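Contents: one structure, followed by commentary.
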Amino acid sequence: MDFITANTEYKERLNLSLSKVTDLDLAKKRLTYSRWKVAENLDKLLFEFETNVKKNDANVFWCPDVKTSIEQLNKQLKNYNKVSFLNHNSVNYLVNTADIKVPEPVEDPEAVVIGAKFIIANTGNYYASFNSIEDYEKVIRAKKIVVIAGIDSVLSLQSELYTAKQLYAIFETGNLHYTAEILGRPGRVRGLNSEASLLLVDLNKSKLLDIPDHRPLFSLLNFDLPPVCPMQQFSYYPEDRTKTDTLQYLFYAFLNGLKDYQSHLNGNYGLQLLNRYLPYDINLYKQILDARALLHADEKKKPAILNLFNKDMSNLVMQPKKFKEAERFKKFAEHNFFGQ
């Protein structure tokens, strides 16, 4: 499916789903507040989560860096020959950050690596969603389930899960709910001949919390951007786990150093456009403008022409027909709008 088709179908589903939501603004505010609590109390909530996991005679495997993540992943998978990595946000983040070579997909894997959309501090549960029944069936048939959970996936209370998963489903897929889901705990899986192990990974994500003004962005790290991103117009391959969209490109600068990756913030990213498709009450555009202002505060005044590229030009980005040659537009947009 190409970008235009995927984009059109997504927006049709989204409009239908949103028409059934009674008070969308209130739901967004509630989710934003619940994730704000996490950003402000992360250490305490991670400890609470581990404590509740241990009540089930299971453990949390802490993976603060690449070395530990690879070691723990190898340890969990070493006894299995047929392994499948599902295309989940946290799995892809680990694969790309640690530069892991993913095995070819198999029909009936002995072990599966999945991503947790959320982990819940007060119960020790993890929540994983699936957009296909085939992926779900692979998981429930596997002998070993390795759950990759980012520190950005924490919810403090189980009661917050309903709002979180529904808003994520609506804005990620356009549907009111995911095709399939699992709510479980690490350890032996009741009713199935399988065991679930949870790897809790950081991989620089906690660095975003060092900048108080930008902590709201921490909530977006585990959000899968739907097909509305200007960058995706040029190469839309949703199954490619290495592809970078606008959000990932922006967050790379926050996670690895704003000063070292200023080019990721400068120019236009269609941020006002993306704000319409986020499950949170967060002004993404303002966040990036504040970051740009922070970086340029000590610089000398620039020529007026350069100020042009600090403005949002989503309308121009989304209208490549204004340029007679598509390739010229692509190069122009990538250089001036996407910071590449």
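List of remarks:
- Cα-based shape type of the range 3-205, given that a ≥ b ≥ c are square roots of the gyration tensor eigenvalues and the cut on a/c is 1.5: oblate
- Burial ranking of peptide ranges 118-125, 104-111, 221-228, 270-277 (average Cβ count within 10 Å, highest at the top): 118-125, 221-228, 270-277, 104-111
- Under Karplus coefficients 6.51, -1.76 and 1.60, residue-wise ³J(HN,Hα) of the range 108-121 in Hz, glycine/proline x: 10, x, 7, 10, 10, 10, 10, x, 8, 6, 9, 10, 10, 5
- Here the 3J(HN,Hα) profile of the range 238-245, calculated from phi with Karplus coefficients 6.51, -1.76 and 1.60 at θ = phi - 60°, is x, 7, 7, 6, 8, 5, 10, 9 Hz, Gly and Pro shown as x.
- Label reach from ASN59 (point 7 Å along Cα→C-beta): in the range 75-107, amide nitrogens under 20 Å belong to 75-80.
- Placing R0 at 41 angstrom, the Cβ-Cβ distance between GLU137 and ASP260 gives a FRET efficiency of 0.40 after rounding to 0.05.
- With N the number of residues in the range 54-154, Rg(Cα) / (2.2 N^0.38 Å) evaluates to 1.04.
- Net charge contributed by nearby residues that have their C-beta within less than 12 Å of LYS37 (K/R +1, D/E -1): +2
- Förster-model FRET efficiency, 35 Å R0, GLU40 and PHE234, C-beta, rounded to 0.05: 0.40
- Close amide-amide hydrogen proximity is noted between ALA196 and ILE145, GLY187, ARG188, VAL189, each under 5 Å apart and 5 or more residues distant or on a separate chain (H modeled in the peptide plane; Pro and chain starts excluded).
- Net charge over other residues, Cβ less than 13 angstrom from the Cβ of PRO105 (K, R count +1; D, E count -1): -3
- Proxy reagent accessibility, fewest Cβ within 10 Å first, across LYS165, LYS101, LYS20: LYS101, LYS20, LYS165
- Antiparallel DSSP beta bridges within the chain, as percent of all bridges there, nearest 5: 30
- The range 235-275: C-alpha gyration tensor shape, a/c 1.5 cut-off, then a/b vs b/c: oblate
- Pairwise label distance in nanometres, LEU16 with LEU295, each label 7 Å out on the Cα-Cβ vector: 4.1
- Shape category assigned to the chain from the gyration tensor of Cα positions, a/c cut at 1.5: prolate
- Using C-alpha pairs under 8 Å with a sequence gap of at least 6, the mean separation divided by the residue count of the range 1-118 gives a relative contact order of 18 percent.
The numbers here are math on the coordinates, done by the rules we state, and not lab data. Everything numeric in this text was worked out from a predicted model, so none of it was measured. Backbone-built Cβ (ideal geometry, glycine too); neighbour counts: all protein chains shown.
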